[in-house]
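Just below is one structure, and these are the notes that go with it.
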């Protein structure tokens, strides 16, 4: 069976975020995979002439802020069957084809959030309970890096995620789209492939074991990000700065 055609997808509007997406897409060039940008009409002017996107899709976003990310699934060109969604503040440092491969088996592949407890994410416990997800420290996945496919069960998760975002309370700006992704999977009984932190390192001071493949931070990765001196102690980075060993 032929492999599904792959694409790397960004959703960004406004000058700062579009420029970030351009920088990220340049790092994604090492994957030799088509790069797509979903933006609004007003933001096209922020793209340089040599913008590294094979396709730019204009869209009038309906949801506010981060919730608008969930609108992307309905806009993806039909010739692609396998996707990597990236937030604009990401850097691909090494090959990430494992994420595509696992998504093509399981439907979705994602890494746990640095704030991994769903109920403790900015007081989301009451909202989760209202949606039928009781407080049991459900694992929350970070939605800044999502590998996914058009497999029916995976696509149902994307639709449910969007549906939940459209019904989010008006004061949900602190939550954004991310917890609703976990709720969607809980409601549908969907179990994704869980990628390691190497595929979504946030530079919040969390441990890094082995090579970091996707750096996810507005602070660019330091030159020694993948310099490994030994199996222990693990590396740690905070806001783009490597912390001293043992700290």
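Taking into account only those residues within segment 34-54 that are touching a helix residue (DSSP H, G or I) at 6+ places or on another chain (Cβ under 8 Å) and under 17 Å from residue 92 (Cβ atoms), which is surrounded by the most Cβ atoms within 10 Å (Cβ to Cβ)? Filtering first and then ranking leaves 37. Taking segment 116-153 as the range and being at pLDDT 95 or above and crowded, with 22+ Cβ neighbours inside 10 Å as the test, the residues that pass are 140, 141, 142, 143, 144, 145, 146, 147, 148, 149. Cβ-Cβ contacts under 9 Å between residues 6 or more apart (or on different chains), taken from a first residue in segment 75-88 that is surrounded by fewer than 16 Cβ atoms within 10 Å (Cβ to Cβ) to a second residue that is assigned to a loop (DSSP other than H, G, I, E, B), are listed as 75/59; 78/150; 79/5.
Quick check, is residue 19 in contact with a helix residue (DSSP H, G or I) (Cβ under 9 Å, 6 or more places away or on another chain), assigned to a helix (DSSP H, G or I) and over 20 Å from residue 178 (Cβ atoms)? Answer is yes for this residue.
Restricting attention to segment 188-231, the residues that are part of a strand (DSSP E or B) and free of Cβ contacts under 8 Å to residues at least 40 places away in the same chain total 4. Scanning segment 70-84 for residues that are modelled with pLDDT of 95 or more and either under 15 Å from the mean Cα position of the chain (by Cα) or part of a helix (DSSP H, G or I) (or both) yields 70, 71, 72, 75, 82, 83, 84. The C-beta contact set for segment 5-20 (first residue on the phi < 0 side of the Ramachandran plot, second residue surrounded by 20 or more Cβ atoms within 10 Å (Cβ to Cβ) and part of a helix (DSSP H, G or I), distance under 6 angstrom, 6+ apart or interchain) comprises 6/100; 8/28; 10/21; 11/69; 11/72; 12/18; 12/21.
Across segment 108-167, the number of residues qualifying as free of Cβ contacts under 8 Å to residues at least 60 places away in the same chain, in a loop (DSSP other than H, G, I, E, B) and within 15 Å of residue 84 (Cα to Cα) comes to 1. Modelled with pLDDT of 95 or more, buried (at least 20 other Cβ atoms within 10 Å of the Cβ) and part of a helix (DSSP H, G or I): is that true of residue 24 in this structure? It is true that residue 24 is modelled with pLDDT of 95 or more, buried (at least 20 other Cβ atoms within 10 Å of the Cβ) and part of a helix (DSSP H, G or I).
The values are calculated or read from the model by the stated rules, or taken from the named source; none is laboratory data. Since the structure is predicted, the reported quantities are computational estimates derived from the model, not experimental observations. All Cβ positions, glycine included, derive from the backbone under ideal geometry; neighbour counts span all protein chains shown.
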